[in-house]
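Supplied in structure tokens, the structure appears directly below.
The values are calculated or read from the model by the stated rules, or taken from the named source; none is laboratory data. Predicted, not measured: the structure shown is a model, and the values here were computed from it. A quick note on method: Cβ atoms are made from the backbone with ideal geometry, for glycine too, and the neighbour counts reach across all protein chains shown.
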Amino acid sequence: MKSENAYRTIAEVSDILNVPAHVLRFWETQFHQIKPIKRVGGRRYYRTEDIDLIAQIRDYLYKDGYTIKGVQKILKSSGKEEVSSTVLSDRFIDEMKEIRDYLGQFI
């Protein structure tokens, strides 16, 4: 079982949020705040913050009936225009270890 803070693949995020993977990829083009880590071959890894943001976007679009432009305005006005690039070093190290362990199963 992955830890709560482990990186998730696009397939995992798709299952968690019940949003097709192609929609997640499209949303990346529309909402620059969604910034999964991309590895070799373009494989995406989403952080918990990314998943929370995507869930919020999904709810605005699907539950509240906002348009993409409307959600973009909401995110801009709520200060989520840019995701902070500051990462706590301990958490970053833990996340990198989890990725290493996860990828180690394929070697």
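Residues in segment 41-68 that are part of a helix (DSSP H, G or I) and either crowded, with 17+ Cβ neighbours inside 10 Å or free of Cβ contacts under 8 Å to residues at least 24 places away in the same chain (or both): how many?
Looking only at that region, the number is 15.
Further, regarding this structure: Among all residue pairs at least 6 apart or on different chains, which show Cβ distances below 8 Å where the first residue, located in segment 11-29, is in contact (Cβ under 8 Å) with a residue 12 or more places away in the chain and the second is among the acidic types (Asp, Glu)?
Listed pairs, sorted by first residue: VAL13/ASP50.
State which residue pairs qualify: first residue closer than 15 Å to ASP52 by Cβ and surrounded by 13 or more Cβ atoms within 10 Å (Cβ to Cβ) and inside segment 69-88, second residue polar (S, T, N, Q) and modelled with pLDDT of 70 or more in any location, beta carbons under 7 Å apart, and separation of 6 or more residues or different chains.
Listed pairs, sorted by first residue: LEU75/GLN33; LYS80/GLN33; VAL83/GLN33.
Another question, if that's okay. Limited to segment 17-60, what total is found for residues that are over 19 Å from GLU98 (Cα atoms) and β-branched (Val, Ile, Thr)?
6
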